[in-house]
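**Student:** Have a look at this one.
Derivation of every value follows stated rules applied to the coordinates shown; laboratory data play no part. All figures in this text were calculated on a predicted structure; none of them were measured in a lab. Note that we place each Cβ from the backbone using ideal geometry, even for glycine, and neighbour counts take in every protein chain shown.
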Amino acid sequence: MPEVTRYVLSVMCEDKVGVVSHLAHSVEKLQGNIETLHQSVLQGYFVINFIASFTGSPTAEEIASFIQTSGTDNDFIVGVLPRREAPLPPATSGAGFVLTIVGNDAPGIFGKITACLADRQINIEDLTSQAHDDKFIITARLTIPEELSIPAVRMDLVEILSPCDATVTLMHEDIFNATSRVGMK
């Protein structure tokens, strides 16, 4: 069985049609397989993070160089990090929750929210934030330690965000998934 090497990759560029296809083919040409990914377009900028496994032993530098130069105008910014054999342990343990916050935008709000969560050892697993027309919306998937009071965490966020007239919703991910998402079988 051939040796398999795994890497975490991040690629950024100005958005254009076909970028994901182009990257997928580049990984394939390197005898790689994309295992998991997260991709977004942020105000016209394409950003993708993914884990890929490669047969053989390409180095991080070889992968980064190949993908960088495979861009249409060498326009890809590429970061490659070798992945350990075993998955890393979770940053914290606890239950999964979904946080949504909507309110009036002001400088420093994002920092206050994330500091509140970090001070309580709450890990942010996935995060989306957008500001538009003096309003902001944040959606996050969190891991909250079992010993924390969920109502207390929510009230701390409400208090921190009171100048922003924010609405804070914090619900267990099972409830969120049952009411809001289509699950995988």
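**Student:** For residue 4 and residue 127, calculate 0.36 nm times their separation in residues minus their Cα-Cα distance, and state this gained length in nm to one decimal. Mind showing how you got there, number by number?
**Tutor:** On the way: separation 123, 0.36 × 123 = 44.28 nm, distance 3.05 nm.
Full extension from residue 4 to residue 127 adds 41.2 nm.
**Student:** Which value, in Å³ per residue, describes the convex hull spanned by the Cα atoms of the chain? Kindly include the intermediate steps, with their values, before the conclusion.
**Tutor:** On the way: hull volume 30.3 nm³, N = 185.
Dividing the Cα hull volume of the chain by its residues yields 164 Å³.
**Student:** Helix-only estimate, please: 222 nm mean residue ellipticity of the chain, summing -39500 (n - 2.57) across DSSP H runs of length 4 or more and dividing by its residues, to the nearest 500. All intermediate terms of the calculation are to be shown ahead of the outcome.
**Tutor:** Numbers: 5 runs with 52 residues, N = 185.
About -8500 deg cm²/dmol.
**Student:** At q = 0.25 Å⁻¹, what base-10 log of I(q)/I(0) does the Debye formula yield for segment 107-185 when every alpha carbon is treated as an equal point scatterer in vacuo?
**Tutor:** Calculated log10 I(q)/I(0) at the listed q: -1.43.
**Student:** Pull up the cross-link candidates among the aspartates and glutamates for residue 16, meaning alpha carbon to alpha carbon under 17 Å and not fewer than 8 places away within one chain.
**Tutor:** Reachable aspartates and glutamates: 73, 75.
**Student:** Still on this structure: Under 20 Å from the Cα of residue 135, which aspartates and glutamates turn up, not counting those fewer than eight places away in the same chain?
**Tutor:** List returned: 105, 159, 165.
**Student:** Can you give the direction-averaged projected area of the convex hull of the alpha-carbon atoms in segment 4-82, in nm²? Kindly include the intermediate steps, with their values, before the conclusion.
**Tutor:** Details: hull surface 17.7 nm².
Directional mean of the projected Cα hull area for segment 4-82 stands at 4.4 nm².
**Student:** Where nothing but the Cβ of Lys and Arg (+1) and of Asp and Glu (-1) is charged, how large is the charge dipole of the chain around its Cα centre, in debye to the nearest 20? It would help to have the intermediate numbers written out before the result.
**Tutor:** Values: 12 positive and 23 negative charges, 66 e Å.
Rounded to the nearest 20 debye, it is 320 debye.
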